[in-house]
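Peer 1: One structure follows; several queries about it will come next.
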Amino acid sequence: REKGPLLAGVDEVGRGPIAGPVVACAVIMPPDTRAIAGVDDSKRLTHDQRVRLARKIRERAVSFALGAASVREIDTINIYQASVLAMRRALGRLTVTPNHVVIDGKAMRTLPIPHTAVVHGDARCFSIACASILAKVTRDLLMTRLGQRYPQYIWDQNAGYTTRAHVTGLASHGITPHHRK
């Protein structure tokens, strides 16, 4: 209420994997409507729940936008700066200017937009949870599609994270252009 009615919730996914981009989402939900039932931290939801909720979020959002940083950018500027870059890209693509921005986690000193950081924000703040869901659904779909070209890494199941199957694929087939160095 202090910052204005239009809050942009921002979250990113993909900081921990060894393959694929980092993807961020910024979303402004209508301030005068009820929260969508079931919206929570994307990590607490099943794939099917996330996909169903993502559809509802996209339908109801005042505005939402995605941003990403590539593997090459991650390797060049580091994962922290790449996460900030992805967030800046998402915020810059919003079609509505928010009154304030809330992000998951700690304040990002290099994010040039005034914001409030909320630790565990994806579990505590509706708009951040919505951003978390849209970012996760988008990145998972991207990794599944990349996995069709590189089936030996099982990205449709591990989304580029370091699982036993992914490591086995690396040992047998080496790295791809989508692996972080």
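The values are calculated or read from the model by the stated rules, or taken from the named source; none is laboratory data. Note that the structure is a prediction, hence the values are computed from the model and not measured. FYI the Cβ positions are ideal-geometry reconstructions off the backbone, even for glycines, and counts take in every protein chain you see. Surface areas here come from the heavy atoms of the whole protein model, side chains and all, with no ligands, DNA or RNA. Shrake-Rupley method; radii C 1.70, N 1.55, O 1.52, S 1.80 Å.
Peer 1: Hey, does segment 72-92 have a residue that's modelled with pLDDT of 95 or more, over 14 Å from the mean Cα position of the chain (by Cα), in a loop (DSSP other than H, G, I, E, B) and farther than 26 Å from ARG180 by Cβ?
Peer 2: No, every residue in segment 72-92 fails to be modelled with pLDDT of 95 or more, over 14 Å from the mean Cα position of the chain (by Cα), in a loop (DSSP other than H, G, I, E, B) and farther than 26 Å from ARG180 by Cβ.
Peer 1: Would you pick out the residues in segment 36-86 that are touching an Asp or Glu at 6+ places or on another chain (Cβ under 6 Å) and not small (Gly, Ala, Ser)?
Peer 2: Once the filter is applied, which keeps residues that are touching an Asp or Glu at 6+ places or on another chain (Cβ under 6 Å) and not small (Gly, Ala, Ser), segment 36-86 yields only ASP41.
Peer 1: A follow-up question, please. Please determine whether any residue of segment 71-92 is more than 19 Å from VAL23 (Cβ to Cβ) and among the hydroxyl-bearing types (Ser, Thr, Tyr).
Peer 2: no
Peer 1: State whether the residues of segment 169-181 include one that is buried (at least 20 other Cβ atoms within 10 Å of the Cβ) and within 13 Å of the chain's Cα centre (by Cα).
Peer 2: no
Peer 1: Take GLY38 and tell me if it is at positive phi, in contact with a Leu (Cβ under 7 Å, 6 or more places away or on another chain) and not acidic (Asp, Glu).
Peer 2: The answer is yes for GLY38.
Peer 1: Take ALA65 and decide whether it is of a type in the set (Gly, Ala, Ser) and in a helix (DSSP H, G or I).
Peer 2: no
Peer 1: If I ask for residues that are free of Cβ contacts under 8 Å to residues at least 40 places away in the same chain, within 17 Å of THR144 (Cβ to Cβ) and not charged (D, E, K, R), which ones from segment 33-48 would you list?
Peer 2: Within segment 33-48, THR46 is the sole residue that qualifies.
Peer 1: Suppose the filter is open to solvent by 20 Å² or more (accessible area, probe 1.4 Å), in contact (Cβ under 8 Å) with a residue 24 or more places away in the chain and of a type outside the set (A, V, I, L, M, F, W, C); does THR76 pass it?
Peer 2: When the stated conditions are applied, THR76 does not pass them.
Peer 1: Here is a follow-up. In this structure, is VAL13 touching a Cys at 6+ places or on another chain (Cβ under 7 Å) and either open to solvent by less than 50 Å² (accessible area, probe 1.4 Å) or without any contact (Cβ under 8 Å) to a residue 24 or more places away in the chain (or both)?
Peer 2: No: the conditions fail for VAL13.
Peer 1: For residues that are surrounded by fewer than 16 Cβ atoms within 10 Å (Cβ to Cβ), modelled with pLDDT under 95 and under 14 Å from GLY9 (Cα atoms), tally how many sit in segment 20-64.
Peer 2: The qualifying residues number 2.
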